[in-house]
Amino acid sequence: MKSLTNLLQVVLNDIGDWCHTSTVLDFKRIEDRIEHEGLSFLTITLPTYGKDFEKSLDRGYVDHDLFKSFSFRGGLPQLFGGFLDLVFDRGSGRLLDSPSIEAIQGIRQITLMFSKVQIPCSDARNEAALAKYIQCEKDVRKADKRFTGDIYDAFCKMSDRLWRDFFTYLDWNVYEVNITPKHGPGVTADRLYGNQKYRQTEWTTRLEDYFPSAEFMFPTWQSYMENMNDVRYLEPGEERPVKVILVPKTLKTPRIIAVEPTCMQYTQQALLELIENGVEGFDTPRDFIRWKSQVPNQDLSMRASIDGSLATLDLSEASDRVSNQHVRAMLRSHPHIAGAVDACRSRKADVPGYGVKRLAKFASMGSALCFPFEAMVFLTVVMLGIQNALNRPLTLKDIKSLKGQVRIYGDDIIVPVEYVNHVIDSLGTFGFLVNSDKSFWTGKFRESCGKEYYDGHDVTIVRCRQLLPSSRGHVQEIEATVAMRNLFYKRGFWPTCRFLDSLIEEFIPFPAVAETSPGLGKLSALGYETHRTHPDYQSPLVKAAVSYHKLPNDNLEGDGALLKFFLKRSELPFADRKHLERAGRPVAVGIKHRWVSPF
């Protein structure tokens, strides 16, 4: 707690120097609030100030319905008043004609820096998150009841217009079994990890039509004939449910993830790869959605912050509100891809405190197919909103004309401002909630895919993702602090970097290295350090800390090893020569000092 407060003070002083503003009273007020409210002031209350500040930028003025936890002096809050005076008029609260970009970035940096520190939530907040998950499921069922008649017909027609050719491609590849499964890196509901996944013994009867176990579970037919009796085939009523778990996100609320069974995760990855590889060959997916790059969304949000032509929208509980009925309607004319998607979709979830619940949603975060299908559903609904605004059916020419104006990445949505109200209404019709705190379209502030802009200026902040380390054993904290330090360096926070340098050097050597170095080091405009020369290759070396992750022993041989080889995508050998001896999540992490390349 003390180290976070010290970091905040240094950052605050840095920004005060930028803006030529005294921060003495600001820090005194912060100290008083921390003394009474504790860590929650940094991680919850201050971020609320930051969000209200962003709303004020979007509105063009400060209203007293915002900043409710803070006292006012005139038309502006007292806290950070010196910075606010560079952005808003204190008498009227209105946005200045030429607000200070440094002050805008500085206020956001101070207030939002600790908003996403990964700290476990209290039991009460965890229980509230699970209750919200259950309520969301009820909301999806209510939305499903409205998904009939004209609404259903309009959705299907728009889906056909956008995705017919792409789904036909997917349908043909599933029919021809041009798909290869893959194990994901995460945990599974049946608690298999690493190499154990190649020895799975559970399969569902629903998978057999599209992912026959003889071809997908075994490397050869002989192996199948010899081991088929060891496989447990689960009928629909016996299927293992996804396991709902909570992982740290912010102190305010945890992140909810649904852990899939191994066989489901394995086959979902096959379809995911087919979708991702096929998207580049079709205009609509390529022009409006992309699953591997956030850059198109970020570029559009920068442009929107200058000319105000585009709105950036963010959805609440996006993945949990996509109904299975939405996906079924999209795929209704393509039986093979529809059947494959349905076969590898988990139908039930084991929710702590609530037992096993049947799912109306398509999939929670954790399913490999959640991300691509939610993007396709959202684009379909967005186009319906634009169609409603035009009050006529969208033609193919209309859709092509929207290239560079409409973009979807997950739940980050970009649409033209003139259609934004109709798009929001359309999203609401299908049961989706727009997050007003993270959606912008009236001012010059825009946010999308982790980048924030004001009037064309990048005002993205540096976030503290972990608590600061207090011992050398805090490996994740040290790694996160090194990354944060280097981001501050790129932003020009020199005193902040010196503070973090002194903190890091208490635990590890901290030389100057290039970004590509395997060692944990600092960026420097002076380049990288060299401590010695390699005796054989005459290349520079530096003594630096390197984090290591010890994998558990997990021997794989026989049919499992052969299957792993056949599933390998590249012709290159495995990066880890001992991948058949150890695999899975690390059982230990640590830091070693050794000679490494500085670049």
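Each reported figure results from applying straightforward, stated rules to the coordinates on display, with no laboratory input. In this text the structure is predicted, and so the values were computed from the model without any measurement. Please note: Cβ atoms are built from the backbone with ideal geometry, for glycine as well, and neighbour counts cover all protein chains shown.
Checking the a/c ratio against 1.5 first, then a/b against b/c, what shape does the Cα gyration tensor give for segment 115-222? It comes out oblate by the Cα gyration axes. Here r is the Cβ-Cβ distance between Phe72 and Glu418 and R0 is 35 Å; the resulting FRET efficiency, rounded to 0.05, is 0.50. Each principal axis of the Cα cloud of segment 125-454 was taken in turn, and the coordinate range along them, longest first, works out to 66, 46, 38 Å. Over all pairs of different C-alpha atoms, segment 382-428 has a mean inverse distance whose reciprocal, the Kirkwood radius, equals 10.8 Å.
Spatial offset of segment 469-516 relative to segment 66-86 amounts to 33 Å, using the alpha carbon center of each. For the chain, the membrane-span-like helices by this rule, meaning whole DSSP H stretches whose C-alpha atoms cover at least 27 Å of axis and whose Kyte-Doolittle mean is 1.0 or above, are 370-390; this says nothing about an actual membrane.
Plainly put, segment 345-435 has a radius of gyration that is 1.07 times its Kirkwood radius, both from alpha-carbon atoms, as the Rg/Rh ratio.
Over all pairs of different C-alpha atoms, segment 241-375 has a mean inverse distance whose reciprocal, the Kirkwood radius, equals 16.8 Å.
Please compute the Kirkwood hydrodynamic radius over segment 509-596, one decimal place, Å, based on all pairs of different Cα atoms. Its Kirkwood hydrodynamic radius stands at 15.9 Å. Any idea what log10 I(q)/I(0) is at q = 0.09, 0.14, 0.19, 0.24 Å⁻¹ for segment 374-478, Debye with uniform C-alpha scatterers and no solvent? Here log10 of I(q) over I(0) equals -0.34, -0.65, -0.99, -1.36.
In terms of overall dimensions, the C-alpha atoms belonging to segment 58-142 reach 47, 31, 23 Å along their principal axes, ordered largest to smallest. Which log10 I(q)/I(0) values, to two decimals, does segment 227-288 give at q = 0.15, 0.19, 0.23, 0.29 Å⁻¹ under the Debye formula with one point per Cα? After summing over all Cα pairs, the log10 values are -0.80, -0.90, -0.96, -1.15.
Sites counted here are GluC sites (Glu not before Pro) in a DSSP loop (not H, G, I, E or B) having no more than 15 other Cβ atoms within 10 Å; the longest part of the chain that contains none of them is 209-504. The convex hull built on the alpha-carbon positions of segment 2-115 has an orientation-averaged projected area of 6.3 nm². Sparsely packed loop sites in segment 272-308 (the trypsin sites (Lys or Arg not before Pro) outside DSSP H, G, I, E and B with at most 12 other Cβ atoms within 10 Å) comprise Lys292.
Each 20 Å bin from zero holds the following percent of Cα-Cα pairs in the chain: 17, 46, 33, 3, 0. Report summary: the helix-based calculation at 222 nm, which adds -39500 (n - 2.57) for every DSSP H run with n ≥ 4 and divides by the residues of the chain, gives -13000 deg cm²/dmol.
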